[in-house]
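The structure appears right after this line, and notes come after that.
The values are calculated or read from the model by the stated rules, or taken from the named source; none is laboratory data. Treat the numbers as computed from the prediction; the structure is a model and nothing was measured. Using ideal geometry, Cβ is built from the backbone for each residue, glycine included, and neighbour counts are taken over all protein chains shown. Accessible surface areas use protein heavy atoms only, side chains included; no ligands, DNA or RNA. Shrake-Rupley method; radii C 1.70, N 1.55, O 1.52, S 1.80 Å.
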Amino acid sequence: MMRIFSISGTGIILAASAALLSTGSPAQADSLIENVNGMTLDEKGRVIRFTAMVIDDEGRVKELLDRKDKRPKELDFQFDGKGKSLIPGFVDAHGHVMGLGFAALTLDLSGTKSLAEAQQALREYAAKYPNRPWIIGRGWNQEAWGLNRFPTAAELDSVIADRPVYLTRVDGHAAWVNSAGMTAAGITAATKAPSGGMIEKTGGKPSGIFVDKAQDLFARSIPEPRPVEEDLALVKAQEILLSHGVTTIADMGTTMPHWQSFRRAGDKQQLKIRIISYAADTSNMVAIGGPGPSPWLYDDRLKLAGVKLVLDGALGSRGALLKQDYADMPGEKGLALMSSSQLKNKMSRAAMDGFQVAVHAIGDEANAELLSAIEELQYTFTGDQRWRIEHAQIVDPADLSRIAKTKAIASVQPVHQTSDRLMAEARLGLDRLAGAYAWNSIRESGAKLAFGTDVPVESSNPFPGLAAAMTREDANGQPFGGWYPEQRLTREQAWQAYTMGGAYAAFAEDRIGSLTKGKRADFLIIEEDIMLVEPGVIRNIVVEQTWVGGRPVYVRKAQQ
């Protein structure tokens, strides 16, 4: 007997069974998604509109139908969309799944607007969890606070002095630690920063800020999460991602404990989202994948695709590797987290076993060095390698054309531009911004773009990123007309980068990224028509439902 589904103020009405919400056994016949304002993109980035979609018993798109097309008669169930819009699920090309989960479970400072707010949040969190031996958190940003300097251990000590506090900067490239934390890790005035790291000092003593690889000094002291905590973080991350309409995410920096948590969820049929993993450096790559990438697992919900390497730091902590000195810190050019030979050796080690290589490169010197490595290695590793440049934030205009020539993919995060704009102006000076966040220049050079959020550095919500890519303005409409408006993209170009671009970047374009025949039926139900509404409206779109593989995995609760 056919089951009827419809949109209701209280969620999805299931006429027969709640089993459809499971990621387990597939339906036994075709399903019909009816009465929708459907839209997707074709292979050339053109909009396809439809009013109904047929999904086969494996959760793949079987057919798109217009109003005049006949509907199939043999159906297992039917869903009435009540005329709402249906679009493909987003493919976040760069995020950190477990980082998102743990950020939601630990102290979150991302919303704080001042040092005082951060201190108050810490005070309240410590009172709420008096028995936690370490207070762990992330999300602080001295630029958002208007501090114009790094915070100090003394400013943490004034709030919490009796137990260690370890707080990661919003970009993950610096840590803010109190005196008890430094004592627990054995940090003294004599402690030297490891290669690729920096210890900020005041009066010859550590100030409490540890940049990039200097964070490793605390690795042995901070308690490792238990498997049950890893699994809880994954559950939380999935909830957040699905509520934002992200149906697939490239997990940049997967560790063995992360992978084991993904596998446990898959084994229990609790992996609702699709995760394409890039192992954290070659050590995790070998530990997880062994002789090569994994196959697709759990009905295309999990795959180890490659490795993520980190070449430099971040702009906010002045770790991004630049060709010239930082404008606001003469004599400082950033941090090289590995040498040129180390980079090429690791890239070769991965490519020789078929792992895709993704490299974090933010500064213009780091991007130039990565492009030189690709240019050298492409003669050894021929074929479709799809080398990935993660972030590509500051690129010398002279190097932009090299991205397309090497057939590399620029995996970028549109919302970083709105968050970083003022900081980038301060770090680089106005005369060095021509290649900063230059998405349209990259696209016009012939290179492929893939969009992501870098969650939890930014929110995993892709709609503000779409709006930013189209306008180069922030949520307040600043700067009016857009920051370097020549770098704006059309809505089709931005949408393609956030769906098909992310799929292509991970060799997954045959499975996800659009709602065309044979691809997985991963889609969203929203109120708005994203091809017609203004960017400001797109920024505030709320996802009503998220479906993965033809099944609903998230339904927004009705507002009271």
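Filter the range 73-89 down to residues that are touching a strand residue (DSSP E or B) at 6+ places or on another chain (Cβ under 8 Å) and open to solvent by 10 Å² or more (accessible area, probe 1.4 Å) and give me whichever is nearest to His244 (Cα to Cα).
Per the stated criteria, the residue is Lys84.
Step by step: first the residues of the range 149-159, then only those that are open to solvent by 50 Å² or more (accessible area, probe 1.4 Å) and over 28 Å from the mean Cα position of the chain (by Cα), then the one that is nearest to Met338 (Cα to Cα). Which residue is that?
For the range 149-159, the residue satisfying everything is Ala154.
Show me the strands (runs of 3 or more DSSP E) found entirely inside the range 467-560 where at least 1 residues are out of contact with any Phe, Trp or Tyr (no Cβ under 9 Å at 6 or more places or on another chain) and open to solvent by 40 Å² or more (accessible area, probe 1.4 Å).
Correct list: 551-555.
Could you identify the single residue in Asp171, Asp162 that is in a loop (DSSP other than H, G, I, E, B), buried (at least 21 other Cβ atoms within 10 Å of the Cβ) and among the acidic types (Asp, Glu)?
Asp171
Kindly check whether there is at least one residue in the range 297-318 that is free of Cβ contacts under 8 Å to residues at least 40 places away in the same chain, part of a loop (DSSP other than H, G, I, E, B) and either buried (at least 23 other Cβ atoms within 10 Å of the Cβ) or among the small types (Gly, Ala, Ser) (or both).
No.
Considering (1) open to solvent by less than 10 Å² (accessible area, probe 1.4 Å); (2) part of a helix (DSSP H, G or I); (3) touching a helix residue (DSSP H, G or I) at 6+ places or on another chain (Cβ under 7 Å), say which one Ile389 fails and leave the rest.
Every condition holds for Ile389 apart from (2).
Just name the residue that is surrounded by the fewest Cβ atoms within 10 Å (Cβ to Cβ) out of those in the range 190-217 that are within 22 Å of Val97 (Cβ to Cβ) and free of Cβ contacts under 8 Å to residues at least 60 places away in the same chain.
This residue is Asp216.
Would you confirm whether or not the range 252-268 contains a residue that is touching a Gly at 6+ places or on another chain (Cβ under 8 Å) and closer than 17 Å to Ser459 by Cα?
yes
Just one of Glu224, Glu229 is under 30 Å from Gln545 (Cα atoms) and either open to solvent by 10 Å² or more (accessible area, probe 1.4 Å) or part of a loop (DSSP other than H, G, I, E, B) (or both); which is it?
Glu229
Of all residues in the range 420-450, count the ones that are touching a residue at least 40 places away in the same chain (Cβ under 8 Å) and either in a helix (DSSP H, G or I) or not small (Gly, Ala, Ser) (or both).
Looking only at that region, the number is 18.
Among (1) small (Gly, Ala, Ser); (2) closer than 30 Å to Arg264 by Cα; (3) in a helix (DSSP H, G or I), where does Ala214 come up short?
So Ala214 meets the others, but not (2).
Per-residue answers, yes or no, for (1) open to solvent by less than 10 Å² (accessible area, probe 1.4 Å); (2) free of Cβ contacts under 8 Å to residues at least 24 places away in the same chain; (3) in a loop (DSSP other than H, G, I, E, B):
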| residue | (1), (2), (3) |
| --- | --- |
| Thr40 | yes, no, no |
| Val61 | yes, no, no |
| Lys68 | no, yes, yes |
| Arg71 | no, no, yes |
| Val91 | yes, no, no |
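Could you check the range 178-207 and list, in sequence order, the residues that are of a type in the set (Lys, Arg) and under 21 Å from Arg149 (Cβ atoms)?
The answer is Lys201, Lys205.
Out of curiosity, is Val415 among the hydrophobic types (A, V, I, L, M, F, W, C), open to solvent by 10 Å² or more (accessible area, probe 1.4 Å) and within 24 Å of Asp529 (Cα to Cα)?
yes
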